[in-house]
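Okay, so here's the structure we're looking at.
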Amino acid sequence: MKKVIIYTDGACSGNPGPGGWGTILMYEDNKKEISGGEKETTNNIMEITAVIEGLKLLKYPCEVEIYSDSAYVVNAFNQNWIANWKKNGWKNSKKEDVKNRELWEKLEELIKPHEVTFIKVKGHSDNEFNNRCDELARVAIKQL
C-alpha cells in the first residue's frame with residue numbers, strides 16, 4: 001500500500017462566517033496543495049471539509065496519516081465518537097442531533113478503502129505543514 005500523508009486545516013472569519021480550508025497531500029517526493037472556501041460556514045465544517053477534499057484525491061487504497069489541529073476531527077475517530085453517534089441514532093452525549101452529520105457520513109465513506117490514522121497536531125505552532133494549511137485556508141477566505 002502506498003503511504004500518503006495529509007495535513008489539513010480549516011478557518012473561519014467569524015463563526016459562522018466566511019470560511020476556508022487548506023490541505024496538503026504528500027506521497028514520496030510529491031506534494032500537492034489544495035484549498036477552497038464558503039461564504040457562510042463554520043470552523044468545524046471547514047475542518048471536516050479539508051479532510052474530505054484531501055481523501056477525494058486518492059485514486060487507490062492507501063495507508064494514510066491525517067494530521068489535523070482539530071480535536072473535533074481527530075477525536076471523532078480516535079475516541080470513537082462516530083461509532084457512538086451511530087449507535088445512538090446520530091445523537092451526541094447530550095441527546096442532541098449530531099451537527100454536520102452529512103459531512104461525517106461522507107468522510108466515513110471516503111475512509112473505508114484506506115488504512116487511516118488521525119494524528120492531532122498543535123495548531124499555530126511550529127509545524128510547517130499545519131501552518132501552511134492555515135495559510136491556504138486564510139487565503140481562500142480572502143478570495144471569496
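The values are calculated or read from the model by the stated rules, or taken from the named source; none is laboratory data. Bear in mind the structure is a predicted one, so any value in this text is a computation, not a measurement. Note that we place each Cβ from the backbone using ideal geometry, even for glycine, and neighbour counts take in every protein chain shown.
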Quiz item: Can you spot a residue in segment 40-61 that is among the acidic types (Asp, Glu), closer than 28 Å to Asp126 by Cβ and either over 12 Å from the mean Cα position of the chain (by Cα) or modelled with pLDDT of 95 or more (or both)?
Solution: yes
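Of these, Lys94, Lys86, Lys99, which one is in contact (Cβ under 8 Å) with a residue 12 or more places away in the chain, outside any strand (DSSP E or B) and farther than 18 Å from Gly22 by Cβ? Spell out how you get there, then give the answer.
On the way: Lys94 fails: in contact (Cβ under 8 Å) with a residue 12 or more places away in the chain; Lys86 fails: in contact (Cβ under 8 Å) with a residue 12 or more places away in the chain.
Only one candidate qualifies: Lys99.
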Quiz prompt | Residue that is surrounded by the most Cβ atoms within 10 Å (Cβ to Cβ), among those in segment 54-63 that are more than 15 Å from Lys31 (Cβ to Cβ) and touching a residue at least 40 places away in the same chain (Cβ under 8 Å) | solution = Leu55
Exercise. Evaluate segment 86-100: report whether one residue or more is under 14 Å from Leu25 (Cα atoms), within 17 Å of the chain's Cα centre (by Cα) and of a type outside the set (D, E, K, R).
Key: no
Practice problem: Return the pairs, sorted by first residue and then second, in which the second residue is surrounded by fewer than 22 Cβ atoms within 10 Å (Cβ to Cβ) and among the basic types (Lys, Arg), the first residue lies in segment 1-19 and is touching a residue at least 40 places away in the same chain (Cβ under 8 Å), the beta carbons are less than 8 Å apart, and the residues are 6+ apart or on different chains. | Solution: Tyr7/Arg132; Ala11/Arg138; Pro18/Lys39
